[in-house]
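The values are calculated or read from the model by the stated rules, or taken from the named source; none is laboratory data. As the structure is a prediction and not an experimental result, all values here were calculated from the model. Please note: Cβ atoms are built from the backbone with ideal geometry, for glycine as well, and neighbour counts cover all protein chains shown.
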């Protein structure tokens, strides 16, 4: 069954303030259709960026904002491969304030600004080997009212359909850089949620990348109306 943001919002009331952890809070939100959810372990992120970008599809990205939680299912990602990728911040092994984070342990959060908008990345692989996955879009499922207020729009399909939009909706900024999404104390986390078969996954070149590799490093859910762009709307690189 496809869980839409509209049904999630209608079926689950605003969560009360909780003293428990993420599992208690999110478990209460999803008690109507999800028996249990599990935070993805550190080992999940110890894979190359291309593999991680694919495997993050269908996972639940959540952000704690005080006594509220916002988030949704990841529906679009892009892989950035490191020293041999001209579109990567770590191209040719260069070290900057941003690229240094890409050399950290997989599961580390990296948020930086491009054209005035924050972009959320999750580091991939073991420490010392640069790589990251850009989270491009999510299907809103939790705290839709909060995200709508943050974005100033009631159009659910456009709340988080793009990396800048999802960061604005979920109040993700550079202050989260260095957090570990697998750490129980982190204000941002990724949970196992939905298994996505290969037949549901589309691939394309990365969006807005002038010097792209000849590999389709963008991954998205074909059926989702929440992705930032479908192939018919993609411009030539």
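I'd like the full set of residues that are more than 21 Å from residue 40 (Cβ to Cβ), outside any loop (DSSP other than H, G, I, E, B) and at pLDDT 65 or above, limited to the stretch 60-97.
Result: 68, single match.
Condition first: surrounded by fewer than 17 Cβ atoms within 10 Å (Cβ to Cβ) and over 17 Å from residue 118 (Cβ atoms). Now tell me which residues in the stretch 175-201 satisfy that.
Correct list: 183, 184, 185, 192, 194, 195, 197, 198, 199, 200, 201.
Starting from residues that are part of a loop (DSSP other than H, G, I, E, B) and touching a helix residue (DSSP H, G or I) at 6+ places or on another chain (Cβ under 7 Å), keep the ones in the stretch 133-172 and report whichever is farthest from residue 85 (Cα to Cα).
154
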